[in-house]
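Student: To start, I am sharing the structure in question, which I have written as structure tokens.
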Amino acid sequence: MASGAPTRTTCPYCGVGCGVVATPQEDGSVAIRGDENHPANLGRLCSKGAALGETLSLDDRLLYPEIEGHRTGWDKALDLVARRFMETMAEYGPEAVAIYGSGQLLTEDYYVANKLMKGFIGAANIDTNSRLCMASSVAGHIRAFGSDTVPGTYEDLEEADLVVLVGSNMTWCHPVLFQRLLAARERRGTRIVVIDPRRTVTAEAADLHLAIAPNSDVALFAGLLDHLDRMGFRDAEYVERHTSGLDDALAAAQDCGFPRALEATRLPAEKLREFYTLWSRSERVVTAYSQGVNQSVVGTDKVNAIINCHLFTGRIGRPGMGPFSLTGQPNAMGGREVGGLANMLTAHLDINSASHRELVRSFWNSPGLATRPGLKAVDLFRAVGEGRIKAIWIMGTNPADSLPDADAIQKALRACPFVVVSDVTRTDTTRHAHVLLPAAAWAEKSGTVTNSERRISRQRSFLKAPGEARPDWRIICDVAARMGFAEAFDFQSPAEIFREHAALSGVANGGSRDFDIAACAELTGSAYDTLAPFQWPRRQGAPLDNTTTRFFAEGGFYTPDQRGRFVPTPVTEQAVSPDFPLILNTGRIRDQWHTMTRTAKTPRLMSHYAESFCEIHPEDAEDSGIEPATLARIVSPQGTAVVRALVTERQRKGSIFVPMHWTDQQTAQGRIGAAVLPAVDPVSGQPGLKSSGARIEPF
Ligand code: SF4
């Protein structure tokens with residue numbers, strides 16, 4: 001076989017959204033390199049991206065549709081899905097049906113899944129694993145800005161004098177962006193502060209590491225707001241002209257103050273003072289945050305406590321300034337744009353607004369749009385377990401391992417009358433499928449994704465899908481057609497879907513809201529094929545070039561009065577049970593992704609950590625009778641997992657850290673999701689994946 005032409009596409013892992021050039025080789029392998037023309041990475045790749053060519057084997061691939069574990073044809077499988085969904089709707093109503101999707105889906109897949117569920121099934125029970133990743137940022141943005149808007153760009157991290165990384169092990173989780181930050185530090189001497197209970201590799205590279213007590217971020221930033229006020233750092237003109245609600249937020253901040261921040265964070269006073277002084281005196285400051293902020297039962301308050309400080313100082317939307325949410329997944333942002341969460345409507349419209357619902361209903365010509373928000377991920381699977389949801393379609397994700405209280409998820413799926421799973425490989429979730437649909441994988445499908453800085457990039461196929469695998473958008477449209485909605489889902493290519501998505505964003509927003517890509521509504525097929533990465537918004541007539549876009553430097557928020565809102569963030573404390581005295585923190589490691597269905601295929605990536613582990617402070621290990629490098633059992637009120645003890649002072653006393661990746665498929669009893677509590681943030685519904693009560697004992 002002759003080697004193929006290079007294809008410019010995007011990496012399917014983290015939210016940095018690096019451009020990748022993939023070139024099929026004569027021997028059947030694929031050469032991978034970073035795309036030097038992509039603005040996100042300018043040719044760089046991290047270990048995961050560089051190893052993409054080694055993950056393309058067909059081992060474990062789903063190649064044919066199956067019904068009850070037996071191979072079948074597409075027609076039979078799709079007919080059955082459509083029939084069972086319609087029967088369920090007829091007997092129990094539309095809210096008895098659900099879709100659970102993934103930040104791995106492309107925007108076009110997401111768009112048709114959301115359209116089918118909200119517009120044509122007529123209920124909003126569509127949620128995704130982005131609920132585990134970004135929901136608190138979304139909720140915090142909407143509370144403060146009136147819209148789910150990331151104000152800045154990656155360039156801001158390079159133009160800042162101070163970059164504060166909160167709850168982010170950026171070196172491992174957003175590696176290429178961290179490389180950009182380090183290069184900027186070389187050039188301009190950027191100061192880097194890391195706020196993280198663990199001494200991660202990122203913390204070790206920082207100028208200042210604040211090893212705060214878990215979940216004390218609200219107190220830290222409320223204390224900062226109080227400090228900024230007392231020391232005269234208010235941007236009075238910005239606050240006066242562009243914001244509202246300061247008095248209440250300041251009252252809550254004063255209630256916290258330096259003493260309470262000190263007590264809650266348990267930092268040495270001089271370190272806390274140093275941080276407050278540094279933040280106050282650095283005009284160009286970016287506060288970037290990730291899962292240590294979002295994956296918390298007070299995640300939305302953490303987000304708003306950070307945003308409050310930027311609004312107060314007017315440090316937002318200008319070069320080198322602003323709060324910056326680092327998304328975990330490659331297309332968590334694209335999913336938000338199409339409204340692929342249970343509490344959102346497409347194009348950043350509000351499902352609670354009758355006029356917004358009518359706008360979308362008439363654009364789709366739908367028979368009955370959902371009239372209220374649906375169930376968020378944890379509640380959605382609880383409803384499956386309680387028999388309120390009787391048919392669920394899971395797309396491109398593995399909730400049987402990755403959701404909190406994972407044993408309960410498996411039990412719920414076992415009891416559910418009808419489970420459809422479309423995916424690429426077999427997982428613990430596919431074991432529960434009545435109908436299994438083989439989906440095209442990263443190298444085989446085309447569409448778009450949006451990264452953390454609102455940059456929409458093309459993902460392009462360069463390999464033929466194996467067996468009978470099909471792209472997700474095609475599968476969803478084929479089911480929709482069989483349910484009687486052929487006209488509304490008569491899409492023949494992802495380009496057609498993207499055009500409709502873009503047109504709806506223009507009609508819906510008319511230049512008055514943040515997400516608007518109406519400039520793409522008339523893209524020809526060839527223009528879509530060659531579409532270069534661009535940042536939204538791109539309103540009607542705007543050029544699709546590489547112009548940088550920022551929000552809110554001059555106000556213009558999407559609240560009814562167009563003012564940015566300060567949100568009071570009272571300080572709360574997490575109770576610790578004597579039976580479960582340790583705080584279990586879960587997260588990513590450098591070389592793995594999610595439940596390892598792809599990254600475990602390459603020995604290179606497995607050599608970083610060969611098995612799951614638990615980082616534990618030496619004193620906690622001694623108190624619990626744990627010897628270094630022995631097997632230990634993590635026990636929580638929810639369940640257990642067995643991992644290798646890694647005794648280290650990097651871990652804060654009183655907390656333990658276990659990677660999220662391993663499942664029982666790779667390590668017997670190593671599935672940490674079983675021990676994670678399903679408590680959620682009351683505003684965002686995001687689970688507190690980093691703060692389950694637990695204990696550890698020798699295995
Ligand atoms: Fe892929 Fe993220 Fe690595 Fe870039 S930084 S190559 S997007 S995993």
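Computed from the coordinates by the stated procedures, all read-outs in this text should not be read as laboratory data. Small disclaimer: the values here were computed from a predicted structure and weren't measured. Methodologically, a virtual Cβ is constructed for each residue, glycine included, from the backbone with ideal geometry; neighbour enumeration extends over all protein chains shown.
Student: Below 8 Å between Cα atoms, with a sequence gap of 6+, how large is the relative contact order for the range 136-326 in percent?
Tutor: 34
Student: Give me the compactness ratio for the range 582-698, meaning the Cα radius of gyration over 2.2 N^0.38 Å.
Tutor: Against the compact-globule rule of thumb, the ratio is 1.03.
Student: Where does the chain land at 222 nm, in deg cm²/dmol rounded to the nearest 500, when only DSSP H runs of n ≥ 4 count, each adding -39500 (n - 2.57), divided by all residues?
Tutor: -9000 deg cm²/dmol
Student: HN-Hα J couplings of the range 643-656 from phi, Karplus 6.51/-1.76/1.60, θ = phi - 60°, integer Hz, Gly and Pro as x?
Tutor: Coupling constants for the range 643-656: 9, 7, 7, 10, 7, 7, 7, 4, 7, 6, 4, x, 10, 10 Hz.
Student: At 7 Å along Cα-to-Cβ for each site, give me the label-to-label distance between Gln574 and Lys411 in nm.
Tutor: Label-label distance for Gln574 and Lys411, simple model: 2.4 nm.
Student: Do you know the relative contact order of the range 483-554, to the nearest whole percent, from alpha carbon pairs under 8 angstrom that are 6+ apart?
Tutor: Dividing the mean separation by the residue count of the range 483-554 yields 24 percent.
Student: Sticking with this structure for a sec: For the chain, give the share of DSSP beta bridges that are antiparallel, in percent and rounded to the nearest 5; count only bridges with both residues there.
Tutor: Once the DSSP bridges in the chain are tallied, antiparallel ones form about 45 percent.
Student: Can you give the FRET efficiency for Leu63 and Thr648, using 1/(1 + (r/R0)^6), R0 = 35 Å, r = Cβ-Cβ distance, to the nearest 0.05?
Tutor: So, using R0 = 35 Å, E works out to roughly 0.20.
Student: Running Debye on the range 7-55 with equal point scatterers at the Cα sites and no solvent, what base-10 log of I(q)/I(0) appears at q = 0.14, 0.22, 0.25, 0.29 Å⁻¹?
Tutor: Once normalised to I(0) and log-transformed, intensities are -0.29, -0.68, -0.85, -1.09.
Student: Each residue of the range 533-540 in turn: what ³J(HN,Hα) in whole Hz from Karplus with 6.51, -1.76, 1.60 and θ = phi - 60°, glycine and Pro shown as x?
Tutor: x, 8, 9, 7, x, 9, 6, 2
Student: Provide the per-residue ³J(HN,Hα) series for the range 341-347, in order, calculated from phi with Karplus coefficients 6.51, -1.76, 1.60 and θ = phi - 60°, each as a whole number of Hz, with x at glycine and proline positions.
Tutor: Computed from phi, the couplings for the range 341-347 are 10, 4, 9, 10, 10, 5, 6 Hz.
Student: Suppose R0 equals 56 Å. What FRET efficiency, 1/(1 + (r/R0)^6) with r the Cβ-Cβ distance, do Glu697 and Asp545 give to the nearest 0.05?
Tutor: Calculated value: 0.40.
Student: Could you pull out every residue, at least 5 positions away or on a different chain, whose amide H is within less than 5 Å of the one on Ile99? Hs are placed 1.01 Å off N in the peptide plane, and Pro or chain starts have none.
Tutor: HN-HN under 5 Å from Ile99: Ile126, Asp127, Trp393.
Student: Hey, could you grab the Kirkwood Rh for the chain? Inverse mean 1/r over distinct alpha carbon pairs, Å, one decimal.
Tutor: Roughly 25.4 Å, rounded to one decimal.
Student: If you don't mind, there's one more thing I want to ask. Please list, or write none, the lysines whose alpha carbon is within less than 17 Å of the alpha carbon of Lys48, excluding same-chain residues fewer than 8 places away.
Tutor: Lys601
Student: Ok, one more. Using Cα-Cα distances under 8 Å and only pairs 6 or more residues apart, what relative contact order does the range 564-663 have, in percent?
Tutor: On the way: 149 pairs, mean separation 37.0, N = 100.
Answer for the range 564-663 is 37 percent.
Student: 5 Å is the cut-off here: which amide hydrogens, built 1.01 Å from N in the peptide plane, fall below it relative to Asn585, excluding neighbours closer than 5 in sequence?
Tutor: Ile656, Phe657, Val658
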